[in-house]
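Notes follow once the structure below has been shown.
FYI, it's all coordinate maths here, none of it is from the lab. All values derive from a computational prediction rather than experimental measurement. In this analysis, Cβ positions are derived from the backbone assuming ideal geometry, glycine residues included, and neighbour counts consider all displayed protein chains.
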Amino acid sequence: MHGGEGLEGGAVLHRGSDPGSLAVAVAQAVEAGLREALAERGQATLIVSGGITPVPMWQHLSMAQLDWTHVTITLADERWVPVDDPASNEGLVRRHLLRSEAAWARWVPLYDGKPTPKEAQPAVEARLATIKWPADVVVLGMGGDGHTASWFPGQAMDAAWQAHCVAVDAPQTPNVPVPRMTLTPRTLLDARHMLLHLTGADKEPVLARALTPGNAVELPVRRALHESKATCHVYFAP
Ligand code: 6PG
C-alpha cells in the first residue's frame, strides 16, 4: 500500500497493489473515522456506495469491534428495484455489511417500495432528516464514465438538488439502467471524512483525468475530488 500522495486539487492518492489489500486499507480508514466520531460525539454516520467494488471492504468492516449500536448507515444512492433484486444496493449492503458486529448498526434505507423514486422523495427526505449531519464518513465509488453516487455526466443540477436526496432518471448503459435515488452534493460534500474507493486498470485513465480540476458536469466525480470540504482520500488498485 503506497503511503498517500498529495495531488493537484487537494486530493490524496493511496495506491494499492491489488483490490484485496486495498479493501483492507479502506476498511481500516473507515473504522478509524467511525471510532473518532464515536469518541468525540457518541454517535457516527456512515454513507456507503453500491456497486461491486465495496463488497470485500464491507466484509472486513463488518467485523470491526466498534459500538455499532450508535452507528447509522445509509447509501449514497440506490437503484430503484426491490431489495431482493440482484441490482439492489441495499441487498448488497444487507448481505455483506450488516452482519457480524455491524449487524447492530442502525440502517436507514433509501428504497421503500414506492413505484418510482420521484413519488418516494418526500418520505426519503423525511427519513434522511433523522440522521445526524454532516456525515462522519462517506465512501464513494466511481463508474467508468466518471459518475459517482448517481451523479451522471451531463446532468443538470436544478433547485431539486438543494434537498438531501433527489430522484434521477435511469442512466444509459453500461450502468444499471434503472431510475435511482441519490444523495446530493450538498449532503455528501461536507462530510468529515471523504473516501473514493475504486479498482481496475480500465478506470485509471478516467481517474487521472478527474484528478485534474475541471468541468464537473462532464466528470461528476470531480465534485468529490475537488469540492469536498474534507480532503478526498482516493484508494485505487489496478
Ligand atoms: C451505483 C453506485 C455507483 C457506483 C459506481 C461503481 O449504485 O451504481 O453507487 O456510483 O459506486 O458505479 O460501481 P462498481 O463498484 O460496480 O464499479
**Request:** May I have the convex hull volume per residue, in Å³, for the Cα set of the chain?
**Result:** 112 Å³
**Prompt:** At residue 123 and residue 209, where each label point lies 7 Å from the Cα along Cα→Cβ, what is the point-to-point distance in nanometres?
**Reply:** 3.9 nm
**Item:** Kirkwood Rh in Å, taken over all unlike Cα pairs in the stretch 72-206
**Value:** 15.5 Å
**Asked** In whole Å, what is the distance between the alpha-carbon centres of the stretch 22-93 and the stretch 193-238?
**Response** 19 Å
**Complete:** With only helices counted (DSSP H, runs n ≥ 4, each -39500 (n - 2.57)), the per-residue ellipticity at 222 nm for the chain, to the nearest 500, works out to -8500 deg cm²/dmol
**Request:** Mind checking the full-extension length gain between residue 84 and residue 24? Use 0.36 nm per residue of separation minus the Cα-Cα distance, one decimal, nm.
**Result:** 18.9 nm
**Message:** Given points 7 Å out from each Cα along the Cα-Cβ axis, report the residue 108 to residue 133 separation in nanometres with one decimal.
**Reply:** 0.9 nm
**Item:** Estimated FRET transfer efficiency when R0 is 22 angstrom, pair residue 55-residue 231 (beta carbons, to 0.05)
**Value:** 0.30
**Complete:** For the chain, the dipole about the Cα centre with charges only on Cβ (Lys and Arg +1, Asp and Glu -1), to the nearest 20 debye, works out at 260 debye
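Could you give the length gained on full extension between residue 190 and residue 217, defined as 0.36 nm per residue of separation minus the Cα-Cα distance, in nm?
Contour length minus Cα-Cα distance gives 7.8 nm.
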**Request:** For residue 67, put the label point 7 Å out on the Cα→Cβ axis and report which residues of the stretch 93-107 keep their amide N under 18 Å from it.
**Result:** 101-107
**Asked** Once the mean 1/r over all distinct Cα pairs of the stretch 36-109 is inverted, what Kirkwood radius in angstroms do you read off?
**Response** 12.5 Å
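So for the stretch 1-117, averaging the separation of alpha carbon pairs under 8 Å that are six or more residues apart and normalising by length, what relative contact order in percent results? Could the numbers behind the result be given before it?
Values: 174 pairs, mean separation 26.1, N = 117.
In percent, rounded to a whole number, it is 22.
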**Asked** So which GluC sites (Glu not before Pro) in the stretch 1-95 pass both tests, a DSSP loop state and at most 15 other Cβ atoms within 10 Å of the Cβ?
**Response** 8
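At a threshold of 8 angstrom on Cα-Cα distance, excluding pairs fewer than six apart, so keeping six or more, what relative contact order does the stretch 109-238 reach in percent?
29 percent
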**Message:** When 1/r is averaged over all different Cα pairs and the result inverted, which Kirkwood radius in Å belongs to the stretch 121-192?
**Reply:** 13.1 Å
**Item:** For residue 50, residues with placed amide H under 5 Å, excluding near neighbours
**Value:** 76, 77
